[in-house]
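Worksheet: one structure, shown below.
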Amino acid sequence: MKIAIGCDHIVTDEKIKVSDFIKSIGHEVIDVGTYDHQRTHYPIYGVNVAKAVTEGKAALGVVLCGTGVGISVSANKVPNARVALVRDITSARLAKEKYNCNIIGVGGTISGIDLITDIVETFINAEYIQTTESDQLIERMNQLLTDDQAHYDSNQFNKYIDKWNKGEYVDEVKH
C-alpha cells in the first residue's frame, strides 16, 4: 500500500522515523516533505498529503507537526480528505472503522515515537466497517466542502512550493 507522509520543520526527524517504520512493515511511502529543519509552513505539507490521498496517488496519509493540530486542520480543507487528529491507538482504529478516515494527524513533539508508530500501524491495519448509517454520515462530511468548491483553490500553495523547490523560500513570520 502507498502511504503519503508530510510534516513541518519541527518534526522532520520524527517523520523520517515514521517513514522508515512504514517501509519496515511492507508499505511504500510518498514523502511530500519537508526534508530539513528550515522553518516552513505546515499547511503546504498537510495539503500535499491530502491531495496525494484524494487524487488516488496514495491509499492513506500521515501528517505530523508539533501538536498535529495545525497540519490536520490544513489537510482537512481538501475535499474528500477525512483527517483525524489521533493521540492513541483506540482513536486511530476508530477513525478508520467508523469514519473511514484516510489521513491521520499526530503531534510529533507531544507523542513519543513508539506511540506514534503504534498509532500509524493500527490505522493502517484497521478496516472500515461499512454500514448504511456510517456511509450517510461520511457523505455528509464530504459534502461540507464540496458544496463550496468554487471557493476552494487547490493550487493556493503553489507559489510557496515553487519557491521552496528553487531554494528561495523565506518564512515571512516576524519574530
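May I ask you to list the residues in segment 13-51 that are of a type in the set (Ser, Thr, Tyr) and either buried (at least 20 other Cβ atoms within 10 Å of the Cβ) or assigned to a helix (DSSP H, G or I) (or both)?
SER19, SER24, THR34, THR40, TYR42, TYR45
Please verify whether ILE10 is open to solvent by 10 Å² or more (accessible area, probe 1.4 Å) and touching a residue at least 60 places away in the same chain (Cβ under 8 Å), treating the condition exactly as stated.
yes
Open to solvent by less than 70 Å² (accessible area, probe 1.4 Å), closer than 18 Å to CYS65 by Cα and free of Cβ contacts under 8 Å to residues at least 12 places away in the same chain: which single residue out of GLY112, GLY108 fits that description?
GLY112
Those residues that are in a loop (DSSP other than H, G, I, E, B), of a type in the set (A, V, I, L, M) and either modelled with pLDDT under 95 or surrounded by 24 or more Cβ atoms within 10 Å (Cβ to Cβ) (or both), I need them from segment 52-102; list them, please.
ALA58, VAL78, ALA81, VAL86
List the residue pairs whose Cβ atoms are under 8 Å apart, where the first residue sits in segment 26-49 and is in contact (Cβ under 8 Å) with a residue 40 or more places away in the chain and over 19 Å from LYS159 (Cβ atoms), the second is assigned to a loop (DSSP other than H, G, I, E, B) and open to solvent by 50 Å² or more (accessible area, probe 1.4 Å), and the two are 6 or more positions apart or on different chains.
Going by the 8 Å Cβ cut-off, the qualifying pairs are HIS27/MET1.
Assess whether THR131 counts as being open to solvent by 60 Å² or more (accessible area, probe 1.4 Å), farther than 19 Å from GLY68 by Cβ and modelled with pLDDT of 80 or more.
When the stated conditions are applied, THR131 passes them.
The values are calculated or read from the model by the stated rules, or taken from the named source; none is laboratory data. Just so we're clear, the structure is a prediction, and the values are computed from it rather than from any experiment. FYI the Cβ positions are ideal-geometry reconstructions off the backbone, even for glycines, and counts take in every protein chain you see. Note: areas computed on protein heavy atoms with side chains; ligands, DNA, RNA excluded. Shrake-Rupley method; radii C 1.70, N 1.55, O 1.52, S 1.80 Å.
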